[in-house]
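Read the figures in this text as sums done on the coordinates, not as results from a lab. Not measured: the values here are computed from a predicted model. Ideal geometry is used to build each Cβ from the backbone, glycine not excepted, and the neighbour counts take in all protein chains shown.
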Ligand SMILES: N[C@@H](CCC(=O)N[C@@H](CS)C(=O)NCC(=O)O)C(=O)O
């Protein structure tokens, strides 16, 4: 049975379509139009109590019973555990996957997300402080990623769910005003990721 994938075409939603495609898991898209407040529908809140996409329902969960999962990081870990793909079993090798996944969840998502918010404000006074603060932090995060990728092909050695999480946000680099030419290692990694058929399909599948 296909996994039900509740989503919209945003960076957090795209992380999961990329992972599902790369893992070769069958899924059906259930669009939650967050521009029409569908994320507040009681049926959706029952599986995603924080009223945010993405969420999944896997009818073939652990022990064969259905399970729902919200929060994109939790979904990525669940899918990796389910398939045995894109996250090593060995604890030492698993640590960098979790580190870079949490780096994305706690920073490289919330920070560029704030740039997307403040950049859209019309009032210059409201916009200036937030845009400056979150743009600086976003640039710093790209610097951190560039240093990591100077001697790693992917964030955790082999390609992993951490790369799927990060590419979801790097996909919007133009929106948060980042020129990848200034971060050559990120650029090389981004182009490698986008050239993968599974990643390309994950970004092309209609989610809205
Ligand atoms: N930490 C959450 C963040 C999810 C998130 O921010 N989703 C946004 C779209 S990218 C959303 O659903 N916003 C609707 C709302 O806040 O009402 C995750 O990674 O799953």
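Note on residue 179 and residue 150: the model spin-label points, each 7 Å out from Cα along the C-beta direction, lie 2.1 nm apart.
Stick to Cα atoms and the Kirkwood definition of Rh, then tell me Rg/Rh for segment 1-101. With Rh from the inverse mean 1/r over Cα pairs, Rg/Rh is 0.98.
The alpha-carbon positions of segment 91-196 define a convex hull whose volume is 88 Å³ per residue.
Per residue, the chain reaches -16500 deg cm²/dmol at 222 nm when only DSSP H runs of four or more residues are counted, each adding -39500 (n - 2.57).
Highest mean first, the peptides 106-119, 61-74 sorted by other C-beta atoms within 10 Å per residue fall in the order 106-119, 61-74. Working note: Debye formula, equal point scatterers on the alpha-carbon atoms of the chain, no solvent; log10 I(q)/I(0) at q = 0.10, 0.12, 0.14 Å⁻¹ is -0.43, -0.63, -0.85.
The stretch between residue 90 and residue 201 holds 37.0 nm of extra length on full extension. This uses 0.36 nm per residue minus the Cα-Cα distance.
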